[in-house]
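Visitor: Would you mind keeping the following structure in view while I ask a few things?
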């Protein structure tokens, strides 16, 4: 660890006169680069509020707040190495807590799946978690041999083992293909290069709604797993984390966080509202 990293983030920010926040460019409407080539989205707006709070905390009204893109597969390294002071959107895990700290959650992430509207009924049933009607299996009937299915996922994420096991139990062989961007996964489904694409369900709904061939796609209702999304900072940086958590709690209690969510995702569901109420910390 170099001398600069030995200091807390707020000390480094005070000395340099700038706060650097990293964001993902292809996670619309969570965070993305808009048509004017500027950072936008729910998490970016929230992180902008954090930047204002840091200016107030340090009494530096002219502090420069830079929101910069980070590569998906390098996002946690950017935090650990101090390339960014705050990662604008992170999934806390015990393994990641070895090298980073996390704020209170800013939303819940739910893994969903998109398939073609004309996908085989059996594939749709399996992915929807529906039990197909029991029919007698005759010698020579179709469907006895294992089916091979190709599914796309964003590189650096893991497809749930339970889901793969479920497909295998239904006599399906699963080939997992990593992709770099949501648009690539959607295109693979449209061109039948993949039978399904797994990603955050809110991101899938937004991407499909904006696609010119939306009628050829279907985002299933099923949510495979819910995880927390938070902001990440360097490990053991309690001063910056306190500013972040205080600001997020104030945004939630004032109703401003819910308004930011509504502007990007639409009306929050009950689980989201309950999450906000539960995680906001008292003064």
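The values are calculated or read from the model by the stated rules, or taken from the named source; none is laboratory data. Since the structure is predicted, the reported quantities are computational estimates derived from the model, not experimental observations. When we count neighbours, we look across all protein chains shown, and the Cβ atoms used for this are built from the backbone with ideal geometry, even at glycine.
Visitor: Can you confirm whether residue 37 is outside any loop (DSSP other than H, G, I, E, B), more than 18 Å from the chain's Cα centre (by Cα), outside the structural domain of residue 207 (by TED's automatic domain parsing) and exposed (fewer than 15 other Cβ atoms within 10 Å of the Cβ)? Explain how you work it out, then say what you get.
Guide: Details: outside any loop (DSSP other than H, G, I, E, B): no; more than 18 Å from the chain's Cα centre (by Cα): yes; outside the structural domain of residue 207 (by TED's automatic domain parsing): yes; exposed (fewer than 15 other Cβ atoms within 10 Å of the Cβ): yes.
For residue 37, the condition - outside any loop (DSSP other than H, G, I, E, B), more than 18 Å from the chain's Cα centre (by Cα), outside the structural domain of residue 207 (by TED's automatic domain parsing) and exposed (fewer than 15 other Cβ atoms within 10 Å of the Cβ) - is not met.
Visitor: Inside region 100-168, counting only strands (runs of 3 or more DSSP E) that do not spill past its ends, which hold 2 or more residues that are at pLDDT 75 or above, out of contact with any helix residue (DSSP H, G or I) (no Cβ under 7 Å at 6 or more places or on another chain) and farther than 30 Å from residue 242 by Cβ?
Guide: Working: elements: 100-102, 107-116, 147-154.
Because the criterion is at least 2 residues that are at pLDDT 75 or above, out of contact with any helix residue (DSSP H, G or I) (no Cβ under 7 Å at 6 or more places or on another chain) and farther than 30 Å from residue 242 by Cβ, the strands (runs of 3 or more DSSP E) in region 100-168 that meet it are 147-154.
Visitor: Also, I was wondering about something else. Quick check on region 170-192: of everything there that is at pLDDT 90 or above and loosely packed, with under 14 Cβ neighbours inside 10 Å, which residue is farthest from residue 149 (Cα to Cα)?
Guide: Ranking the candidates gives 191 first.
Visitor: Given (1) touching a residue at least 24 places away in the same chain (Cβ under 8 Å); (2) within 17 Å of residue 264 (Cβ to Cβ), identify the lone condition not met by residue 35.
Guide: If we test residue 35 against (1) touching a residue at least 24 places away in the same chain (Cβ under 8 Å); (2) within 17 Å of residue 264 (Cβ to Cβ), just (1) comes out false.
Visitor: Okay, moving on. Pull up region 238-272, narrow it to residues that are free of Cβ contacts under 8 Å to residues at least 24 places away in the same chain and touching a helix residue (DSSP H, G or I) at 6+ places or on another chain (Cβ under 7 Å), then point me to the one that is surrounded by the most Cβ atoms within 10 Å (Cβ to Cβ).
Guide: Selected residue: 268.
Visitor: May I pose another question? For the structure I just gave you, tell me whether residue 275 is in contact with a strand residue (DSSP E or B) (Cβ under 6 Å, 6 or more places away or on another chain), surrounded by 18 or more Cβ atoms within 10 Å (Cβ to Cβ) and either without any contact (Cβ under 8 Å) to a residue 60 or more places away in the chain or part of a helix (DSSP H, G or I) (or both).
Guide: yes
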